[in-house]
Amino acid sequence: SDPILKQLAAMMAFNKISKDFEELPYSLPKFIILEEFGVLVQGNDKAQEIIEKYTQNIVKTSAKLNGQVLPNTNDIRDYLTPAGLVLWNQASFRAWFPLGDSLYQQVVNALGDQLNDAQKQILKSLKKNFEEKYSQAYIVSTNEVAPFEGSIICPLSPLMDAVTTTSGKQVELYKHLRNEGFNPEDAIIYMADNHPYGKGL
């Protein structure tokens, strides 16, 4: 529960992973997911300074190991921190989901010089439509091999929620169902049928 210990644990975990990856051939591509990236960027100005330098080290080390880094967080504000901007500015792929008015303004204030007028309009227009069961997203790839950008529709359904959830309670439910003898598909279907929003949604 201590935020400093969480940061130290995250840093030690990456050190261990990078050591393990050194034993693998360089030619083998590696994929490093920074789950709950927001934990790493907490703290006061001094902590931010340390984490910013450490994040720069993560980027450099991953590149030397032929690795790609994917930071994962539910809060766009985590990317507006000094450490978050290190990864944001290195990224060749970004996915935007509806921000709401308040977050949209924070993003424009922090990243406005990286967005043209059309992109700002797209971000402002992104919506979740619970009645029609979908959410919108804007995806941008600046990868030289496959550059593209566009808006997409993401279906919102109990099944999609069960497949993609990172909710602690739902993860524990999935583990419980597997221990009870459910195969993976039946466990997912059970979770979808008993979704908080209601069966058959």
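Backbone amide hydrogens, once placed in the peptide plane, bring Gly67 within less than 5 Å of Lys30, excluding anything fewer than 5 places away on its chain. For the chain, the carbon plus sulfur part of the accessible surface works out to 54%, probe radius 1.4 Å. When each full DSSP H helix of the chain is screened for a Cα extent of at least 24 Å along its own axis and an average Kyte-Doolittle hydropathy of at least -0.5, the helices passing are 3-22.
Considering lysine pairs in the range 13-141 that are 8 or more places apart or on different chains, how many have Cα atoms under 20 Å apart? Final tally of qualifying lysine pairs is 13.
Based on protein heavy atoms only, the range 23-123 ends up with 58 Å² per residue of surface accessible to a 1.4 Å probe. Sparse packing (at most 14 other Cβ atoms within 10 Å of the Cβ) combined with a DSSP loop state is found for the following chymotrypsin sites (Phe, Trp or Tyr not before Pro) in the range 3-78: Tyr26. Calculated on C-alpha atoms, the gyration radius of the range 21-119 divided by its Kirkwood radius gives an Rg/Rh of 1.01.
Projecting the Cα atoms of Ala47, Leu111, Pro25 onto the dipole axis of the chain, where Lys and Arg carry +1 and Asp and Glu carry -1 at the beta carbon, places Ala47 farthest toward the positive end. A DSSP coil position with no more than 11 other Cβ atoms inside 10 Å describes the following GluC sites (Glu not before Pro) in the range 101-201: Glu131, Glu132, Glu144, Glu180. Accessible area per residue (1.4 Å probe, heavy atoms of protein chains only) ranks Met12, Met160 as Met12, Met160, with the largest value leading. Per-residue ellipticity at 222 nm from helix content only, as computed over the chain with -39500 (n - 2.57) for each DSSP H run of at least four residues, stands at -15500 deg cm²/dmol. Using every pair of distinct Cα positions in the range 121-201, the Kirkwood expression returns a hydrodynamic radius of 14.9 angstrom.
The values are calculated or read from the model by the stated rules, or taken from the named source; none is laboratory data. Note that the coordinates shown come from a computational prediction; the quantities given were computed from them, not determined experimentally. Because the Cβ atoms are built from the backbone with ideal geometry, glycine has one as well, and the counts that use them run over all protein chains shown. These accessible areas exclude ligands, DNA and RNA; they are computed on the full protein's heavy atoms, side chains included. Shrake-Rupley method; radii C 1.70, N 1.55, O 1.52, S 1.80 Å.
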